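Each remark here refers to the structure printed beneath this line.
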Amino acid sequence: MSEFVAPVGPVDIAVIAFDEPTFDGRIAGAIAELQAAGTIRLLDAVVVNKDADGTLTYLEITDIDGDGELDLVALQGDAPGMLTEDDAAAGAEAMPPGSAILMLAWENTWAVRAAVAIRENGGVLVAQERIPAADVQAVLESMA
């Protein structure tokens, strides 16, 4: 794990739902690539499983299958605990039985230089919105 440095770039939190959770390592690999390229810095990650009877299980991100072996070392964040159990419980409220969520918090390190320049010039973020990829794809297709 790298030494903690206070985030200075924009930080995003995502909650990703899985109807039938099967974590095969591809997600961890993709996130590891983003970290290695300096695109993001993973701050925290939480997995919540909801059993058939509705019981929630919070998984250590480094031991996803509970077998005692480290499975997702690439997903160890620099600020573990940023996403709390309360956050995970709130994210899991609408989950159907037999599903899972993955919660990720990451710093957009690619934007650090611009974010610092904006702040040093008195700029304050007043709004931000993310457009879903499917919406962008639909617009691009309509323009073709």
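A few points about this structure:
- Rounded to the nearest 0.05, the FRET efficiency derived from the C-beta distance between Ala17 and Glu120 at R0 = 30 Å is 0.20.
- Dimensionless Rg ratio for region 100-144, taking C-alpha atoms and the 2.2 N^0.38 Å reference: 1.69
- Residue order, fewest to most beta carbons within 10 Å, for Thr22, Thr109, Thr39, Thr55: Thr22, Thr55, Thr39, Thr109
Only the coordinates and a few stated rules stand behind these numbers; no lab work does. Quantities reported herein were computed from a predicted structural model and do not represent experimental measurements. Neighbour counts are summed over all protein chains in view; Cβ atoms, including those assigned to glycine, are modelled from backbone coordinates with ideal geometry.
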